[in-house]
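See structure below.
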Amino acid sequence: MSDAQNILVVANETVVGRELIDAVKRHADTLKGTGEGEVSVHVICPQSAPRHGYVIHEGDVRMASENRVATAIAHLAEVGIEATGEVMDPDPYAAITDALSERRYDAIIVSTHPETRSGWLREDLITRVTNAVDCPVEHVVVDLDAEKDQATRTLVVANQTVGGQALIDQLRELSEEGPRRFIVISPQSGEDTDEAHERLAATIRRLEEEGIRAIGQVTHPDPYTAIQNALDFYGIDEIVISTFPETRSGWLRGDLVGRVQTATSKPVHHVVSEDDGETAEPQEAHPASGGDRQS
């Protein structure tokens, strides 16, 4: 038996698209059918910069890319394909070149948005890659808008209330309405990120125990900027914002829900949580701060 047959998958925002997952499975099945060895799939995601915010937090960008890669690997596992993945150079051509310098690939699959939305296609990436490599290159077009019927991508925004029962109940109710992919973000200032990570991780575990799939990310401290960046990163269909009651919520005093409703055409659900899922009392925060610690 010869060495493993290697497939390189290249995608950014479309890395979780159903068309791409189907294409990878088709290639893997074809290579397995040749009887020439096991099939190894490696997913690379060139990270992109957000289009919102006065300050670009590189950690936010990378974590969003890592979340997309992890989600793609999970989707491939569902169809019986084990895969590895990593975040690469923002330039897709350079990312592919770097990947090829480390391993031989028998096929490359490049996934993009449709032509009207794809910067990679405007840069003629497919032709450049095809001319530069000696293995087959397949181009897969993923229209995320057309995949809405398969799973609604729900952005969940919460800080201290991320573990609150009201929010958990709302997400459970939404998941019962139809297939959903939950992306939970917790805007948080730098000095408290450890606590934010712990709260978020506990919430993700709790959702998973209830059969609700979710990924999470601690993000830019300003919730409005974090939401706008998440819309870019994840192709969101709807938004859930969780806050304390108005008397305790800096986000509400800053009219976060109204601003998001005005700025986006996405449905926005507002959940009011009386508790934060913990025994500790929430700390006060200045209501005028863009990075308000209270949610």
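The values are calculated or read from the model by the stated rules, or taken from the named source; none is laboratory data. Predicted, not measured: the structure shown is a model, and the values here were computed from it. Please note: Cβ atoms are built from the backbone with ideal geometry, for glycine as well, and neighbour counts cover all protein chains shown.
Conditions tested, residue by residue: (1) at pLDDT 85 or above; (2) crowded, with 21+ Cβ neighbours inside 10 Å; (3) assigned by TED's automatic domain parsing to the domain that holds Ala11; (4) over 19 Å from Ser175 (Cα atoms).
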site: Thr193; (1), (2), (3), (4): no, no, no, yes
site: Arg206; (1), (2), (3), (4): yes, no, no, no
site: Glu209; (1), (2), (3), (4): yes, no, no, no
site: Asp222; (1), (2), (3), (4): yes, yes, no, yes
site: Val240; (1), (2), (3), (4): yes, no, no, no
site: Trp251; (1), (2), (3), (4): yes, yes, no, yes
site: Leu256; (1), (2), (3), (4): yes, yes, no, yes
site: Val260; (1), (2), (3), (4): yes, yes, no, yes
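Does the stretch 119-135 include one or more residues that are outside the structural domain of Ala230 (by TED's automatic domain parsing) and within 30 Å of Pro267 (Cα to Cα)? Yes, the stretch 119-135 contains a residue that is outside the structural domain of Ala230 (by TED's automatic domain parsing) and within 30 Å of Pro267 (Cα to Cα). Considering the stretch 9-42, the residues that are buried (at least 24 other Cβ atoms within 10 Å of the Cβ) and at pLDDT 90 or above include one that is farthest from Val142 (Cα to Cα), namely Val41.
When the residues of the stretch 262-276 are filtered to those that are surrounded by 15 or more Cβ atoms within 10 Å (Cβ to Cβ) and of a type in the set (A, V, I, L, M), the one that is nearest to Ile227 (Cα to Cα) is Val268. For the stretch 145-175, which positions are over 29 Å from Gln188 (Cα atoms) and touching a helix residue (DSSP H, G or I) at 6+ places or on another chain (Cβ under 8 Å)? Glu147, Gln150, listed by residue number.
For the stretch 205-230, the set of residues classified as under 19 Å from Thr161 (Cβ atoms), of a type outside the set (Val, Ile, Thr), in contact (Cβ under 8 Å) with a residue 12 or more places away in the chain and not in a loop (DSSP other than H, G, I, E, B) consists of Arg206, Leu207, Ala214, Gly216, Gln217, Pro223, Tyr224, Ala226, Ala230, listed by residue number. Test Asp145 against the stated conditions and say whether it is among the acidic types (Asp, Glu) and more than 27 Å from Ser111 (Cβ to Cβ). No, not satisfied.
Asp143 meets the stated requirement of being surrounded by fewer than 20 Cβ atoms within 10 Å (Cβ to Cβ), more than 25 Å from Thr219 (Cα to Cα) and modelled with pLDDT under 95.
Taken over the stretch 231-246, the criterion of being touching a Pro at 6+ places or on another chain (Cβ under 8 Å), not aliphatic (A, V, I, L, M) and not in a loop (DSSP other than H, G, I, E, B) is satisfied by Asp232, Phe233, Glu238. Consider the stretch 63-91 and keep the residues that are part of a helix (DSSP H, G or I) and among the small types (Gly, Ala, Ser). The one that is surrounded by the most Cβ atoms within 10 Å (Cβ to Cβ) is Ala64. Considered as a group, the residues in the stretch 244-264 that are in contact with a strand residue (DSSP E or B) (Cβ under 6 Å, 6 or more places away or on another chain) and among the polar types (S, T, N, Q) include one that is nearest to Thr152 (Cα to Cα), and that residue is Gln261.
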